Amino acid sequence: MLYLSCETEALTGPKGQESLRRLVPRDQVVDSVAFITSEEGGAQPNILHQCGEGVLARRLQSDMKARGFEVAVNGSREPGLKLLAESMIQLVPAEVIELRLNTGMASEHYREIGHCIEALRDQGVLLICLDRLDANGNNASYHQPHDSYIRNLIRQWEDEQRWVKAMSNSSLRGSPRSAAHASPVAEPTLCILNTAFSLGGMKAPQCLFGFSLNQNRQSLAGYGWMQ
């Protein structure tokens with residue numbers, strides 16, 4: 001499972017294509033690709049069907065509904081993610097979908113979505129949490145994956161999970177925090193990162209990578225979870 005942070009337009013060049021191919025092992029069998037993205041606003045998550053017969057999209061919709069998430073399935077006229085998937089696996093996937101998350105839910109909800117879609121990994125689906133940067137350069141408040149802010153945040157989440165696990169085996173249990181009263185997550189980056197953290201087994205990633213893509217200082221950076 002991958003978490004990628006980049007301006008997707010920069011991936012169309014030779015260095016971008018080469019960097020993408022390095023992220024997927026040659027012996028990894030990939031049938032379909034699911035991108036998890038986010039954008040500000042929106043009332044609920046949305047599944048955008050990029051290509052294929054729609055079996056994967058309907059399966060994910062059913063799985064999320066079973067966990068209490070109302071999700072619509074719509075078509076997408078943007079070919080970018082389909083081409084990105086083809087570049088990564090060097091084949092035409094059977095199906096490509098985009099799960100577009102809305103902002104404003106509690107972090108627990110994004111992690112629940114992660115738990116919901118993790119089963120797809122065992123069904124030949126490559127899961128990619130894609131944090132798309134603004135191509136116009138309006139990313140002043142954005143933190144790169146290697147920034148101390150993000151690294152410390154993930155370390156804090158992992159530490160919290162250790163305490164939750166320890167307390168669950170103890171008679172000294174605190175009152176569980178309700179997701180309904182938790183602070184909403186307003187930044188798309190943190191929505192995606194919470195989902196990625198859940199998909200990674202509620203643990204810190206095993207690898208950090210970064211590639212310079214061109215002379216305009218555009219780059220591809222991210223994390224990888226091996227499980």
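A short reminder: the numbers here are calculations on the coordinates, not readings from a lab. What you see is a predicted model; the values in this text were computed from it and never measured. Methodologically, a virtual Cβ is constructed for each residue, glycine included, from the backbone with ideal geometry; neighbour enumeration extends over all protein chains shown.
Show me 193-200, 109-116 ranked by packing, highest mean number of other Cβ atoms within 10 Å first. Could the numbers behind the result be given before it?
Details: 193-200: 25.4, 109-116: 21.1.
Going by the mean number of other Cβ atoms within 10 Å, highest first, we get 193-200, 109-116.
For Glu78 and Asp147, calculate 0.36 nm times their separation in residues minus their Cα-Cα distance, and state this gained length in nm to one decimal. Let's see the in-between values first.
Values: separation 69, 0.36 × 69 = 24.84 nm, distance 3.09 nm.
21.7 nm is the gain from fully extending Glu78 to Asp147.
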>> Ignoring everything except DSSP H segments at least 4 long, calculate the 222 nm mean residue ellipticity for the chain; use -39,500 (n - 2.57) per segment, divide by total residues, nearest 500.
In response: -10500 deg cm²/dmol
> Each residue of the range 83-99 in order: what ³J(HN,Hα) in whole Hz does its phi give by Karplus 6.51 cos²θ - 1.76 cosθ + 1.60, θ = phi - 60°, with x for Gly and Pro?
Replying inline: 5, 5, 5, 5, 5, 6, 9, 6, 8, 8, x, 5, 7, 10, 10, 10, 9
>> If you take every residue apart from Ala94 with its C-beta less than 13 Å away from the C-beta of Ala94, what net charge results, scoring Lys and Arg +1 and Asp and Glu -1?
In response: -2
>> Taking a virtual spin label 7 Å from the Cα of Val164 along the C-beta vector, which residues in the range 37-76 bring their backbone nitrogen under 18 Å of it?
In response: 67-69
